[in-house]
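Below: one structure, written as structure tokens.
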Amino acid sequence: MLTGQLPISINPRKLAHAETRIAGSILVTDLPRFAEAIIDPEGEVALDLQFLQDEEGFYVVQGSLSVEVKLTCQRCLQVMHLPLSVTCSLAIVWHEEAAKAVPAHYDPVIVAETNVALTDLVEDELILALPIVARHEQTDCHFEGNFEASDQDGDNTESSTSSKENPFQVLASLKTDT
Ligand SMILES: [Zn+2]
């Protein structure tokens, strides 16, 4: 088991063959796209990942990620603290073709090289775990007005932001049009 200061570059095949478990933390600032999506990117993402090769030969990474982030509440526009906790089940592949064969219970991750940055494996998972529209619980919110009316506005924003391309949707469509 690898702990503490985590290696930046890993060889998923090697780790899977050795059934290595990696537990520790990575800096939020080492995840530039995730850091861009939150306020005051600071602190660490705690992770606990088990690498293994399943019966079908897929290189699998299973485990959890957790981090507390700050977002802007879209109702009162004040800071909200949100604990994110992600359970991931990834299958690592080296070609788009191979991604089509990945069973539905895994999220395929396509990597270009033998080695991959640990941060590249987990960054998309964290980004996808962020709410499309962040809002406090009503009891915590500083908004003074009609919550239902304001949430209606929020839903409009939601439809415009959800058109953002989701890499996993692209993969899902690859998997179905065989
Ligand atoms: Zn609020």
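General remarks:
- The slack between Gln53 and Leu77, meaning 0.36 nm per residue of separation minus the straight C-alpha distance, is 4.1 nm.
- Our note on the geometry: Cα centres of the range 96-155 and the range 18-51, 15 Å apart.
- Cα shape, the range 86-129, gyration tensor, a/c 1.5 rule: oblate
- Alpha-carbon Rg/Rh ratio, for the range 1-65, with Rh computed the Kirkwood way: 1.05
- The range 1-83, dipole about Cα centre (Lys/Arg Cβ +1, Asp/Glu Cβ -1), debye to the nearest 20: 140
- Nitroxide proxy distance, nm - points 7 Å out along Cα→Cβ at His105 and Cys141: 3.8
Each reported figure results from applying straightforward, stated rules to the coordinates on display, with no laboratory input. These figures come from a predicted structure and were not determined experimentally. Cβ coordinates were reconstructed from backbone atoms using ideal geometry, including for glycine residues, and neighbour counts include every protein chain displayed.
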